[in-house]
1. Which residue out of LEU279, LEU316, LEU326, LEU343 is crowded, with 22+ Cβ neighbours inside 10 Å, over 24 Å from ALA143 (Cα atoms), of a type in the set (A, V, I, L, M, F, W, C) and modelled with pLDDT under 85?
2. Checking the condition crowded, with 19+ Cβ neighbours inside 10 Å, modelled with pLDDT of 80 or more and in contact with a Cys (Cβ under 8 Å, 6 or more places away or on another chain), which residue from GLY463, GLY458, GLY425 passes?
3. Name the residues in the stretch 118-134 that are part of a helix (DSSP H, G or I) and either more than 19 Å from ALA309 (Cβ to Cβ) or among the hydroxyl-bearing types (Ser, Thr, Tyr) (or both), would you?
4. Restricting attention to the stretch 347-388, which residues are surrounded by fewer than 24 Cβ atoms within 10 Å (Cβ to Cβ), assigned to a loop (DSSP other than H, G, I, E, B) and modelled with pLDDT of 75 or more?
5. If you go through the stretch 64-81 one residue at a time, do you hit one that is more than 18 Å from ARG248 (Cα to Cα), over 18 Å from the mean Cα position of the chain (by Cα) and surrounded by fewer than 24 Cβ atoms within 10 Å (Cβ to Cβ)?
6. Name, by its number, the condition in (1) open to solvent by less than 10 Å² (accessible area, probe 1.4 Å); (2) more than 17 Å from the chain's Cα centre (by Cα); (3) farther than 30 Å from LEU277 by Cβ that does not hold for TYR89.
7. Restricting to the stretch 399-413, name every residue that is modelled with pLDDT under 90 and open to solvent by 60 Å² or more (accessible area, probe 1.4 Å).
8. Out of all the residues in the stretch 294-302, is one or more of a type in the set (A, V, I, L, M), at pLDDT below 80 and either out of contact with any Ser or Thr (no Cβ under 9 Å at 6 or more places or on another chain) or not in a helix (DSSP H, G or I) (or both)?
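The values are calculated or read from the model by the stated rules, or taken from the named source; none is laboratory data. Since the structure is predicted, the reported quantities are computational estimates derived from the model, not experimental observations. Here Cβ is always computed from backbone atoms with ideal geometry, including for glycine, and neighbour counts include all displayed protein chains. To get the accessible areas, we keep the full protein, side chains included, count just its heavy atoms, and leave off ligands, DNA and RNA. Shrake-Rupley method; radii C 1.70, N 1.55, O 1.52, S 1.80 Å.
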Amino acid sequence: MSTMDVPSEAESELPAPRPQAGKTAAPGMTWVTLALMTTASVASLRSAPTMAVYGLACVFLYVLPALVFLMPTALVSAELASGWNGGVYRWVSEGLSKPLGFLAVWCQFAMTIFYYPSLLAYVAGTIAYVIDPRLAGSGLYTAIVITVLYWTGVWVSARGTKAVAGLSSWGLIIGTLVPGTVLVVLGLVFLGQGNGSAAPMTSGHLLPQWTGLASLVLIVNNFLSYSGMEMNAVHVSSLKNPAREYPRSMFLAMGLVLLIFILPALAISWVVPSDQLSLTAGVMQAFDAFFSHFHVGWLTPVVAVALVAAALGGMLTWLAGPSKGLLLISREEGYLPPFLQKLNKNGIQQNILVTQGVVTTAIALMYALIPNVSSAYWIFSVITTQVYLIVYLLMFAAAIRLRRTRPDHPRGYRAPALVPLCVLGLLASLAALAIGFVPSSQFGGGSVWSYIALVGGGLVVLGLLVPYLFLRLRKPGWRTPAAGTPAGPEGAAADGGA
């Protein structure tokens, strides 16, 4: 999630959330169109402050996960999508087992529980620059904004309206391309005037300074930044020559995504010192500094409104998507109790959204309890990544098994060197899981064991214990066969995300 920051976010993102993932492409789609769709689904400015603290080294920290995670994910998921409809649930169910398929689709949904608080914390920090920039560091203010905006989103989604669906289409332009371009141009002009960069831009700073494992922890956040590639893989069959055009499309998308991620992060590092950078309001800090320098401070609230509108549009569009995918699968197989399967008069899974909202509210309160807002933001971002990485571990394992056990199953696309790609993806995901338990400098001076307990507790409880209990306690009466054929969150997002 993009996430979701979804967050696609799936994922969805959530995520991070990723607006084009669920749409069905027209036959004869060009590889360039698919590349642009993938860019729109993955790219965002929200993670820029996280990497800006590393200055020039952010290039390395973006490129490395692109090579070891983004590329394997894109190519492997393309083969799976071209052979089996239904998204990650179907892939894992066919390759491993139905319970593990449920675990995969559950984690796609569960990561949004932490994704939305981190996304809305970014929104809160952005709104603060319209009201009072000092609010960006207030945990209580951040908690209130998260709670109010999330429940407003639930109310809108529960009404079944599709009016907000169009907002996501403008998200890439309003909230990413235009602000990102303005930020980079202002940064280049700023440096061109002879002003010094806040972060060193010499070759000696291409790699992050080694101070132990903590110096590489921020790379974990970039795994979630690239999540959602498996959703766009559903369009591989729309290409005229998938074997040649899909890899070409993914490499173009990877280049565009890297530019959108790296250049704004560098621009932020030019004007905001790393020790003063807020992970939730860093983008607005940079705009504020540039606009003040060029004496156009009145533009600060304009940019803030654009960023907020795009972020909220993405949240509303994807709020019900992953939960609807979970609902459809659970009704067919009886994974969730009847209470969570109930629909309101508009056909929306309101009880799931409300239950998710209660948990999200509890998480929002942690922003008020943890002194440093950036620390809370970082913790929730890491938990989001940890939970979502389970999806990729299962996906890569399923792909290896399906290639070996069902080699003759029709596939519109076969990934080159699939097993080595899966092994690379598995090792990268496992490394990210391990590194995620090492506190970064953004955690502040808190206890290391407290950090490990928070991240580990979030991963175990939300990502493993809860789905295990659903599977363990489920009853035959929980099944609703009339629900129809299950669809993955990728497909559900298109018609349920708004």
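1. The conditions single out LEU326.
2. GLY463
3. Within the stretch 118-134, SER118, TYR122, THR126, TYR129, PRO133, ARG134 qualify.
4. GLY347, ILE348
5. Within the stretch 64-81 (the criterion being more than 18 Å from ARG248 (Cα to Cα), over 18 Å from the mean Cα position of the chain (by Cα) and surrounded by fewer than 24 Cβ atoms within 10 Å (Cβ to Cβ)), the answer is no, since none of the residues qualifies.
6. Here TYR89 meets the rest and fails (1).
7. Once the filter is applied, which keeps residues that are modelled with pLDDT under 90 and open to solvent by 60 Å² or more (accessible area, probe 1.4 Å), the stretch 399-413 yields only PRO410.
8. Within the stretch 294-302, not a single residue is of a type in the set (A, V, I, L, M), at pLDDT below 80 and either out of contact with any Ser or Thr (no Cβ under 9 Å at 6 or more places or on another chain) or not in a helix (DSSP H, G or I) (or both).
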